[in-house]
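Q: Quick one: this structure, given as structure tokens, is what I'll be asking you about.
The values are calculated or read from the model by the stated rules, or taken from the named source; none is laboratory data. As the structure is a computational prediction, the values presented were derived from the model and not from experiment. Glycine gets a Cβ as well: all are built from the backbone with ideal geometry, and neighbour counts include every protein chain shown. The protein model used for the area step is the full one, side chains on, heavy atoms only, and it has no ligands, DNA or RNA in it. Shrake-Rupley method; radii C 1.70, N 1.55, O 1.52, S 1.80 Å.
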Amino acid sequence: MTRRFILRAAALSALAVPVVTPTLVAQQKCPATTPGAAMPLTYQGAPTVPAITACDLMTRLYVYAADSMRGREAGTPDAIRATAYIEGEVKRLGLRPAGDNGTFFQSMPVTARIMTQASAISAGGKTFRPGADFNAAGGADRTAAGDVVFGGTLGDTVNALGADDVRGKIVVIVAPAGGGGRGGFGGGRGGAANNPLAGAAAVVTVSQTIGTPRLQFVLNDTVQNDGRTAYNAANPAPPPAAGRGGRGGAAGPAPLSVTVSPAVAAAMLGKPVASAVRGDKNGAVTIDLKFETVAEPTRSVVAILPGTDSKLKNEYIVIGAHSDHIGMSAANPPVEHDSLKAYNIVARPEGADSRGAAPPTPEQWVRINALKDSLRNVYPARLDSVSNGADDDGSGSISVLEIAEAFAKGPAKPKRSLIFIWQTGEEKGLWGSQWFTNHSTVPRDSIVADLNMDMVGRGAATDMTGKNKENQDLFGAENYLQLVGSRRLSTELGDLAEQVNAKEAIPFKFDYAMDANGHPQNIYCRSDHANYARYGIPVIFFTTGGHADYHQVTDEPQYIQYQHMARVSTLVFDLALKLGGMDHRPVVDKTKPDSPFARCQQ
């Protein structure tokens, strides 16, 4: 059973899903369409063809979600490299640039907070500076001072210190050999209610390696609004329940968080970490963090395929995805890939969305270890620190590129124009779509619909794709696809999606559970389509849902369901073609938002 899970994408029967050139498609061979073939860790495929195929998607995604892209975090050179890849592809396809000043790029004013050398840790009569000695994530200048207490190993909830033990203290903890923090077994995103260290003045994690600190980025959008606070669909106030693309709120300020070397920890504790016992105390330590604001290049990619009708070509259908992901887990030590994947499949089946998950039971540990062993029978054991984002949202980005090629190189040409957009910064708060809809490079009222693809590469029966409004688990299937927002502004658009789907070679069974009014995860407001909907533009959010690799270093190309992904891409292609040829815009028959700057609420 375990091995079937690992090879599921390869073991599905080969389903060619041609848009054009069926003979050429049938001749394509790759592991994704070869029954029984193991999916490789790295892959270089053949040149792509003018059709939507599983092999093309695999070829492209293994480039886009490779370790060399380092997780494509918005504001970093890694995201610039990813957008350069997309630019090269749309140039090759002959699409028209629709960014700034005749380019394919729409840049946005993003700044980052970077720690300066004025920062210091004073402990044991010594002063330590950032770099080899310690690092901390970007943010506001902060100082913490207090007595030190040793808290043991990160993620050890059984032997954790109590709230009274850590209150107001500098708590020193050790990162486990298998990893911890974001992406590790002990990593959580909950607030103070389930964080035993919430009352500490600072949490100091000891690591053998001090990586580059994670920065705090800010989009400076100066668009004039109606007097309300600036809109941010992913982080409306007050904070909603946490979910995909968003962040949950926390009660009160979090403790100052720093990663230090063993030498700094020894100065803090008055002894080597290896000699420390949980609960050991030492004298006062001062941590003083200073930051400066610097500009960081950040850009989306925007391209147009002009329509064929002299009048309708002045109207646009947007087909989009987000190009970024969450980057490197540099502030934490690398994790053992197979151990984390096995752990999450059993104990955290929604990945980073498995907030507040209980520690595994003895029976679950048996399953975790058995699954880990079977994974290692397929792939070599390895440490991992790259959040590749193969599904989130490499799958959407590559699907949009594949659809663009099918339109640009194939015979089907819509009367309306198509905007293909790869929006950056979705993971930061829907930056790219916010910026584009506030500063659109075509008249905003000429956009008739937005088709958004975010996480469209999974949806297997073994994937927990979310929970319905009644908190019941949802799972994928071979014909599984979630639709969100399809009838929230236009009944006609939702009906068209159903009609087009019914004519597909293998129709999907649409799951609308995540689109329920009042759903606690508020998914409708948590991907890029939300920024189009706030201006009254009809939207559909296509997704195969969540899974155990969500926002984990295990979201890699070898776990993608490429033939399923090709069928999703074909559906979006066919719907765009239908919309592109209609004699009227999709009718907006539902109430539009009162203001594009009002709070989004599902």
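Q: Nearest 0.05, what FRET efficiency do T103 and N314 give at R0 = 25 Å with Cβ-Cβ as r? Show your work: numbers first, answer last.
A: Numbers: r = 22 Å, r/R0 = 0.86.
FRET efficiency, T103 to N314: 0.70.
Q: Kindly rank 319-325, 506-512 from highest to lowest mean number of other beta carbons found within 10 Å of each residue.
A: Working: 319-325: 29.6, 506-512: 16.7.
Highest mean packing first, the order is 319-325, 506-512.
Q: Suppose R0 equals 35 Å. What FRET efficiency, 1/(1 + (r/R0)^6) with r the Cβ-Cβ distance, do T293 and T209 give to the nearest 0.05?
A: Details: r = 27 Å, r/R0 = 0.78.
Approximately 0.80, to the nearest 0.05.
Q: Using only Cα atoms, find the angle between the long axis of helix 396-409 and the longest principal axis of the chain, and express it within 0 to 90 degrees, rounded to the nearest 10.
A: 20
Q: Given a 1.4 Å probe, how much area per residue of the chain is accessible, in Å²? The partial results should precede the final answer.
A: Details: 22730 Å² over 602 residues.
Dividing the accessible area of the chain by its residue count gives 38 Å².
Q: Expressed as a whole percentage, what fraction of the accessible surface of region 300-410 belongs to carbon and sulfur atoms when a 1.4 Å probe is rolled over the protein heavy atoms?
A: Numbers: 1840 of 3430 Å².
Within region 300-410, the accessible surface is 54 percent carbon and sulfur.
Q: Still on this model: For Rg/Rh (Cα atoms, Kirkwood Rh), pick the label among (i) 1.40; (ii) 1.03; (iii) 0.98 that corresponds to the value derived from the coordinates.
A: (iii)
Q: Rolling a 1.4 angstrom probe over the protein chains, ignoring ligands and nucleic acids, what is the accessible area of H439 in square angstrom, nearest 10?
A: 60
Q: Round to the nearest 0.05 the FRET efficiency obtained for Q44 and A263 when R0 = 35 Å and r is the Cβ-Cβ distance.
A: Numbers: r = 43 Å, r/R0 = 1.23.
Efficiency for this residue pair is about 0.20.
Q: What spacing in nm lies between the two simple spin-label points modelled at Q364 and I114, each 7 Å away from Cα in the Cβ direction?
A: Taking the two extended label points, one gets 4.2 nm.
Q: A follow-up question, please. Whole angstrom only: what separates the Cα centroid of region 69-114 from the Cα centroid of region 31-58?
A: Region 69-114 and region 31-58 have Cα centres separated by 25 Å.
Q: So what's the net charge close to D56: Lys and Arg +1, Asp and Glu -1, counting the other residues with Cβ under 11 Å from its Cβ?
A: Values: positive: R60; negative: E402, E405.
Value of the local net charge: -1.
Q: Still on this structure: Among I403, W365, S385, flag the residue with its Cα farthest along the positive direction of the charge dipole of region 277-407, charges on Cβ as +1 for Lys/Arg and -1 for Asp/Glu.
A: W365
Q: Something else now. In region 422-555, carbon and sulfur make up what percent of the accessible area (probe 1.4 Å)? The partial results should precede the final answer.
A: On the way: 1790 of 3550 Å².
After summing per-atom areas, the C and S share lands at 51 percent.
Q: Once label points are set 7 Å from the Cα along Cα→Cβ at both R96 and N471, what is their separation, rounded to one decimal in nm?
A: A separation of 5.3 nm, rounded to one decimal place.
Q: Here is a further query. Please go through the residue pairs K91/K503; K503/K578; K413/K503; K91/K313; K29/K372 and name each one whose alpha carbons sit more than 22 Å apart in this structure. Numbers along the way, then the final one.
A: Values: K91/K503 32 Å; K503/K578 12 Å; K413/K503 19 Å; K91/K313 20 Å; K29/K372 30 Å.
Pairs exceeding the cut-off: K91/K503; K29/K372.
Q: Cross-link partners among lysines for K126, C-alpha distance below 29 Å, same-chain residues fewer than 8 apart left out?
A: Output for K126: K169, K271, K281, K290.
Q: I've got another one for you. Tell me the label-point distance for the pair T153, T491, using the 7 Å Cα-to-Cβ offset, in nm and rounded to one decimal.
A: 6.0
Q: On to the next question. Let a ≥ b ≥ c be the square roots of the eigenvalues of the Cα gyration tensor of region 401-462; is it rounded (a/c under 1.5), or, if not, prolate (a/b larger than b/c) or oblate? Please list the in-between numbers first.
A: On the way: a/c = 2.29, a/b = 1.03, b/c = 2.22.
Oblate.
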